[in-house]
Amino acid sequence: MSDTRFLDKGKPPERFARGWHCLGLESAFADGKPHGIEAFGGKLVVWQDSQGKLNALDGYCRHMGGDLTQGTVKGDEIACPFHDWRWGGDGKCKAIPYARRVPLRARTQKYPVEIRNGQVMVWHDAEGSAPDLDILPPELPGVGTDAYTDWTWEVLDVPTAHCREIIDNVVDMAHFFYIHFAFPTSFRNVFEGHVATQFMESKGRPDMGGSGYGDADLVLKSEASYYGPSYMINWLWVDYKGFETEVILINCHIPTSDNSFKLQYGLVVKKPEGVDEETAQYIGKRYSDTFKQGFEQDVHIWLNKAPVQNPLLCEEDGPVYQLRRWYEQFYVDKADVTAEMTDRFEFEVDTTKANEYWQEEVAENLRRKAAEDASSPESSDDVAPDSAMTGT
Amino acid sequence: MASFVPTSPDTLEDQRLYTRARLTEVACLDCLAKVGVKKNSEHHTSIQWNDEARRQCPEFSRMDQRPEGRPVHVGCPRLVDSIETAAREGLIPIGAEDGY
């Protein structure tokens, strides 16, 4: 028997999480055309009917498997491009133009749709349960009014990782220093019911200013909650050179297979007083560009790392086992959800020692840089930093 | 039924170590809640609640009633005081054991 630590890669679950998944902004689907969304190991067709209601069905016609996402919206129904079978948002076949009657069994998989904060949410459950409206993410007061900028929206493909990798970030205090170039000065987690939260305060790393990452002038307060398995609301208060901005970031994903997912994020900025409309939208765009860097830093890690079922932790690490226990509730039958998975758990890490080591490392980097007589970082008095961090 | 299936039995032991080992029961000085507490240092604290304890906490009940604000509560200040008192009295071992 060797003392070498074994890396248990485990096996990914054979199902996709139960819960609400966000497909994107409502406005992106409101054009009377069918939209194809890769999700849950297949493809969904999403379209808007004449009442303005969005519908989501399995993307393949139950007749001969035609691709409904390449079909046509006719009236309230989606018509298959192969034989023109008409499917309604309730999952029933409404008409077959060349047939005397529609087979009684002509029902396809439908995904219940709800709109939250201008975004399209679909319910997925391998057991086929009715959608649980009580666990929809909360409404965001003021968002969608003139007080906030319009949602930005971006999609990043993660073709070779299970989506649990992004969930793990909820508890990963140390990666914020190494991957996102910031000092987490305060770090807490609370898991309870279907919600998992990270509370964090951080400062930018002065030694990374020159490379466009991290910024010593940046002080960030972040509260980020997963409402269910895939939809995070991240409230961010950014203080940049005394200029305070409130940002609400949505970080969500759609699993596409047991080893791939689509990461999506969008944000609104509370319009600062005395800033005109155009500038406010510009600030939103700048934050979106900035957060993109952060997400890409994460994606790069996920695409190259091994899955690990038995992480080896040190005492400064966050509660990854407790987080995964919480996450497990979405992958078992509803009847098999245990109290442990949903019981409240609180965690506060001691960032003191870690920050002492990190401050030394950064000071050493700065000394070396000065000695190398490196060109000084470009300074900018812009209202949005070149780099800001999220809770992911 | 496990969803993410480990391939080694040692992984189950790791799960037990990291989630259950070293939890000390602490009773709140202000209500009937009893929670499991682990401290890796003065400041580092894990608090494991159960349903019964959660129901007993009047602070959380009050916070649940508040219409404004987000529904996630950082913690109960009375329980935090109780844990600090217990730690001061030496009732909670402080310091990790090989990372758990």
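Restricting the range B:3-32 to residues that are among the acidic types (Asp, Glu) and surrounded by fewer than 18 Cβ atoms within 10 Å (Cβ to Cβ) leaves a set whose member that is nearest to the other protein chains (Cβ to nearest Cβ) is B:10.
In the set A:301, A:250, A:283, which member is outside any helix (DSSP H, G or I) and either within 11 Å of another protein chain (Cβ to nearest Cβ) or at negative phi (or both)? So that I can check it myself, show each step before the final result.
Values: A:301 fails: outside any helix (DSSP H, G or I); A:283 fails: outside any helix (DSSP H, G or I).
Checking each option against the conditions leaves just A:250.
Scanning the range A:193-201 for residues that are more than 24 Å from residue A:299 (Cα to Cα) and touching a Pro at 6+ places or on another chain (Cβ under 9 Å) turns up at least one hit. A single entry from A:259, A:251, A:310 fulfils the requirement of being out of contact with any strand residue (DSSP E or B) (no Cβ under 9 Å at 6 or more places or on another chain) and closer than 17 Å to residue A:157 by Cβ: A:259.
Rundown of residues vs (1) among the aliphatic types (A, V, I, L, M); (2) touching a Gly at 6+ places or on another chain (Cβ under 7 Å); (3) not in a strand (DSSP E or B), yes/no style:
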{"position": "A:33", "(1), (2), (3)": "no, no, yes"}
{"position": "A:38", "(1), (2), (3)": "no, no, no"}
{"position": "A:44", "(1), (2), (3)": "yes, yes, no"}
{"position": "A:52", "(1), (2), (3)": "no, no, yes"}
{"position": "A:55", "(1), (2), (3)": "no, yes, no"}
{"position": "A:65", "(1), (2), (3)": "no, no, yes"}
{"position": "A:69", "(1), (2), (3)": "no, yes, yes"}
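Looking at A:47, A:85, A:20, just one residue is buried (at least 20 other Cβ atoms within 10 Å of the Cβ) and more than 30 Å from residue A:132 (Cα to Cα), and that residue is A:85.
Of all the residues in the range A:325-338, those that are facing another protein chain (nearest Cβ under 7 Å) and within 21 Å of residue B:48 (Cβ to Cβ) number 4.
Taken together, A:161, A:216, A:126, A:196 contain a single residue that is under 20 Å from the mean Cα position of the chain (by Cα) and in a loop (DSSP other than H, G, I, E, B), which is A:161. Every condition in (1) closer than 30 Å to residue A:321 by Cβ; (2) touching a helix residue (DSSP H, G or I) at 6+ places or on another chain (Cβ under 7 Å) is met by residue A:178 except one, and the failing one is (2). For the subset of the range B:44-60 comprising residues that are within 7 Å of chain A (Cβ to nearest Cβ) and of a type outside the set (Ser, Thr, Tyr), which member is surrounded by the fewest Cβ atoms within 10 Å (Cβ to Cβ)? Ranking the qualifying residues of the range B:44-60, first place goes to B:51.
Give me the residue from the range A:88-123 that is assigned to a loop (DSSP other than H, G, I, E, B) and touching a Cys at 6+ places or on another chain (Cβ under 8 Å) and, out of that set, surrounded by the most Cβ atoms within 10 Å (Cβ to Cβ).
Within the range A:88-123, the first condition is being assigned to a loop (DSSP other than H, G, I, E, B), and the residues that meet it are A:88-91, A:96-106, A:108-109, A:111-112, A:117-118.
Those still in the list that are touching a Cys at 6+ places or on another chain (Cβ under 8 Å) too: A:102-103, A:106, A:108.
Values: A:102: 14, A:103: 11, A:106: 17, A:108: 20.
Selected residue: A:108.
Within the range A:315-355, being under 19 Å from residue A:186 (Cβ atoms), without any contact (Cβ under 8 Å) to a residue 60 or more places away in the chain and in a loop (DSSP other than H, G, I, E, B) holds for A:315, A:350. Just wondering, is there one or more residues in the range B:36-43 that are at pLDDT 95 or above, among the basic types (Lys, Arg) and within 30 Å of residue A:141 (Cβ to Cβ)? Scanning the range B:36-43, I find no residue that is at pLDDT 95 or above, among the basic types (Lys, Arg) and within 30 Å of residue A:141 (Cβ to Cβ), so the answer is no.
The values are calculated or read from the model by the stated rules, or taken from the named source; none is laboratory data. This is a predicted model, so every value here is computed, not measured. When we count neighbours, we look across all protein chains shown, and the Cβ atoms used for this are built from the backbone with ideal geometry, even at glycine.
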